[in-house]
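First up is the structure itself, then whatever we jot down about it.
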Amino acid sequence: MWSSVVVVPAALLAGVLLCLAAPAAAAARPATLSVLSFGAAADGVTDDAEALVAAWRAACRVPRATVLLPSGHRFLVSPVTLQGPCSTRLTLQVDGTLLAPPDMDSWPRSRRPLQWLNFKWLNGFTVQGAGTVDGQSITSLHDSSSPANAPHQRSTGHWHSSGAKPTLVRFYGSFNVTVRNIRISNSPQCHLKFDSSGGIKVKNVTISSPGDSPNTDGIHLQNTRDVEIRSSSIGCGDDCVSIQTGCSNVHMKYIICNPGHGISVGGLGKDNSLACVSDVVAENINVQNALYGVRIKTWQGGVGSVRNVTFANVRVANVATPIAIDQFYCDRGGARCANRTGAVAITGVAYRRVAGTYSFQPVRLACSDARPCTGVSMVDVRLSPAASAPAGTVAPLCWNSYGEASGTIEPLGAGCLQRSNGYAMPLTQPSNYTC
């Protein structure tokens, strides 16, 4: 029996193989879904929330998909929740301008949202782009509770109605989230918040609101672990970075804070609550025209602990109080907070190479009588009065703060830490109150 052999020309064979491979390549290609394709008007006036949600729901089902807000367009969006779980590696690409309703924080309390863009239950999600997320809430109100010589920047905006105001961008229950390259501005309250999340990366982000816009934290963390914030510029009317209870392994690097209230851990322990923060590093930080530089603040009566916090290579310029621990924190305006015996324990805090100018008091370590601060170290701290500082600046304070100072310390009074000399902490807190 003869066997036949069919010879297929090489060019034809290559074409067949290319056709067979094409469907697989097309299937693997990431999908980009523009909100314009889902009916967005993109005129900055019409509410495009429905188009954004529709594009999100479609992209959520596709691996490696991108929801695109293209450049050259303005998208007004009412408060929305964009939630998962979604397919892996979903991206929100903000190249245009994403606008919140301009009067959102003056809505009646019954319909005022707690957040504007609310992301929930996501894993492996990225927000990026060359665009802007604008809260359109330019507020201006001088904070009368601040020292009279603390720096402020007044704006030409207006002060909206009292009561809780919306956070601009919030992540809840989300992991392996990246926010990079975008600009976030003019939030009614906190600009970027992470709650009950982990594996967070924030890089090359610009956050801005007027220096006297109240409670406009730049980045706010709570119950969130494994965080990296780097190469970002933050200017606001409150803490540039705020680290609350339940946070650990937080690393900040190459951050500019101008203006604002500096980098803060706390306030912790409000209403006798349990607060736990550990393993925080802030290095290569530049703070200018701010109320504080690096600060830890706790309410009286709280329980729990703050431990292993390092502030290194910090430059300050015209900062009211560059170094602060305040275990008597109270933000109730003219009302006084009741004295309480308990306190969140603070131990293992290092200040290394902190230098620059202050306008009020170089160092203020006001620690609890019941739970003094221990293991505090200062190495090469050099602080001098700013040229604009009034003649009556306040001397450094170390109250119930135990540790050691070494290297160059300026002014000399800034090294006022008390040596422990075998000092023993007071009775430990009940086991159910420990971290």
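The values are calculated or read from the model by the stated rules, or taken from the named source; none is laboratory data. Since the structure is predicted, the reported quantities are computational estimates derived from the model, not experimental observations. Note that we place each Cβ from the backbone using ideal geometry, even for glycine, and neighbour counts take in every protein chain shown. Please note that ligands, DNA and RNA were not included when accessible areas were found on the heavy atoms of the full protein model with its side chains. Shrake-Rupley method; radii C 1.70, N 1.55, O 1.52, S 1.80 Å.
What number of residues within the range 94-127 are under 21 Å from S232 (Cβ atoms) and open to solvent by 40 Å² or more (accessible area, probe 1.4 Å)? The number of residues fulfilling the criteria is 2. All of (1) touching a strand residue (DSSP E or B) at 6+ places or on another chain (Cβ under 9 Å); (2) modelled with pLDDT under 95; (3) of a type in the set (S, T, N, Q) hold for T91 with one exception: (2). Screening the range 341-435 for strands (runs of 3 or more DSSP E) wholly inside it with 2 or more residues that are open to solvent by 30 Å² or more (accessible area, probe 1.4 Å), at pLDDT 95 or above and not aromatic (F, W, Y) returns the ranges 345-358, 373-385, 401-410. I'm trying to understand the selection: among the residues of the range 288-301, which are in contact (Cβ under 8 Å) with a residue 60 or more places away in the chain and among the aliphatic types (A, V, I, L, M)? Passing the criteria: A290, L291, V294. For the range 43-52, the set of residues classified as in contact (Cβ under 8 Å) with a residue 24 or more places away in the chain and either among the aromatic types (F, W, Y) or open to solvent by 30 Å² or more (accessible area, probe 1.4 Å) (or both) consists of D43, V45, T46, D47, listed by residue number. Across the range 189-223, the number of residues qualifying as over 14 Å from D239 (Cα atoms), among the polar types (S, T, N, Q) and either in contact with a helix residue (DSSP H, G or I) (Cβ under 8 Å, 6 or more places away or on another chain) or part of a loop (DSSP other than H, G, I, E, B) (or both) comes to 4.
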